[in-house]
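One structure is given below, encoded as structure tokens.
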Amino acid sequence: MAKPTEKRVPVFDIPAYPASEASRILNLPVATVKAWCFGQAYRSASGEPKRFQPVIRPADAKGRLLSFANLCELHVLSAIRRRHKVPLPKVRDSVEYVRSQLGADRPLIERDFRTNGIDLFVEHASHLLNVSRKGQEALRGDFELALARIERDRNGTPIRLFPFSRTSAGAEQPKSVVIDPRLSFGRPVLSNVAVPTEVIHDRFRAGDSVGEMAKDYGVDEKEIEEALRFEQRRAA
């Protein structure tokens, strides 16, 4: 009798990143990544133990590992964390609201999130936080900037993520570094030649110049500089 075929997990959903690595890639506090993905224990004002439920559904909650899709979700959420510091319970409530309205398991990276999910999130968050009109526009803009750095296939599935390589998120940031689960085991690489940014950083520390590496890999020096900036930020 033939054995039943196992359902193959898409490469974008394979558990591959511990929280510590996700925090370095996305420039988020590791505590934030853990709280958003695995929940957080705390005590109420009366001392009673309580627990926040996670905002994101991790690929492997038991093994505490995240997938590429989870990285994309964290990347989108980090857009509001950078400037607005929205508290975890409010973020979770707003995400759950959008999830129910869109009928999606992963509303933050669904194709419809850009068209109407952002407005649903902002509307709900504004109600919870009493955000001003100007604050609503900033929140919407931060989401749009983050979503613009996720590349999708023809079906709308996220396939590549261009993480922010600079401290301040903005439209002017280049897309020199990419996360693609099909390249270098999903670790950060130069987007044009798939050279791991870690290799570039190691060569620079060993004494190789930016110009030498740019010539070796056939890229502009600015791309090497961006890879170094990204790695130096991770190290910091």
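The values are calculated or read from the model by the stated rules, or taken from the named source; none is laboratory data. Please read all numbers here as calculations on a predicted model, not as lab measurements. We place every Cβ from the backbone using ideal geometry, glycine too, and count neighbours over all the protein chains shown.
Would a scan of segment 186-199 turn up a residue that is assigned by TED's automatic domain parsing to the domain that holds Glu223, over 16 Å from the mean Cα position of the chain (by Cα) and in contact (Cβ under 8 Å) with a residue 60 or more places away in the chain? Looking for residues that are assigned by TED's automatic domain parsing to the domain that holds Glu223, over 16 Å from the mean Cα position of the chain (by Cα) and in contact (Cβ under 8 Å) with a residue 60 or more places away in the chain, one finds none in segment 186-199, hence no. Inspect all residues belonging to segment 172-183 and state whether any of them is at positive phi, out of contact with any Pro (no Cβ under 7 Å at 6 or more places or on another chain) and not assigned by TED's automatic domain parsing to the domain that holds Leu71. No, that holds for no residue. Being of a type in the set (Gly, Ala, Ser) and not in a loop (DSSP other than H, G, I, E, B) is the filter; apply it to segment 81-121 and report the residue that is surrounded by the fewest Cβ atoms within 10 Å (Cβ to Cβ). Once the filter is applied, the top-ranked residue is Ser100.
Note on segment 43-78: residues that are assigned to a helix (DSSP H, G or I) and over 28 Å from Leu147 (Cβ atoms) amount to 0. Taken over segment 189-201, the criterion of being buried (at least 17 other Cβ atoms within 10 Å of the Cβ), of a type outside the set (Val, Ile, Thr) and either in a loop (DSSP other than H, G, I, E, B) or out of contact with any Lys or Arg (no Cβ under 7 Å at 6 or more places or on another chain) (or both) is satisfied by Leu190, Ser191, His201. Just one of the listed residues (Gln136, Gln232) is over 15 Å from the mean Cα position of the chain (by Cα), part of a helix (DSSP H, G or I) and closer than 20 Å to Pro29 by Cα, namely Gln232. Applying the condition of being assigned to a helix (DSSP H, G or I) and out of contact with any Phe, Trp or Tyr (no Cβ under 9 Å at 6 or more places or on another chain) to segment 146-188 and asking which residue is surrounded by the most Cβ atoms within 10 Å (Cβ to Cβ) yields Ser184.
Okay, residues lined up against (1) at pLDDT 85 or above; (2) crowded, with 21+ Cβ neighbours inside 10 Å; (3) over 25 Å from Glu172 (Cβ atoms):
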{"position": "Ala31", "(1), (2), (3)": "yes, no, yes"}
{"position": "Lys34", "(1), (2), (3)": "yes, no, yes"}
{"position": "Lys50", "(1), (2), (3)": "no, no, yes"}
{"position": "Arg57", "(1), (2), (3)": "yes, no, yes"}
{"position": "Ala125", "(1), (2), (3)": "no, yes, yes"}
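For segment 3-16, state whether one or more residues are part of a helix (DSSP H, G or I), at negative phi and surrounded by 20 or more Cβ atoms within 10 Å (Cβ to Cβ). Yes, that holds for at least one residue. For segment 203-228, the set of residues classified as touching a strand residue (DSSP E or B) at 6+ places or on another chain (Cβ under 9 Å) and under 28 Å from Leu28 (Cα atoms) consists of Glu223, Ile224, Glu226, Ala227, listed by residue number. Count of segment 202-236 residues, restricted to those that are farther than 13 Å from Leu190 by Cα and either aromatic (Phe, Trp, Tyr) or surrounded by fewer than 12 Cβ atoms within 10 Å (Cβ to Cβ) (or both), is 7.
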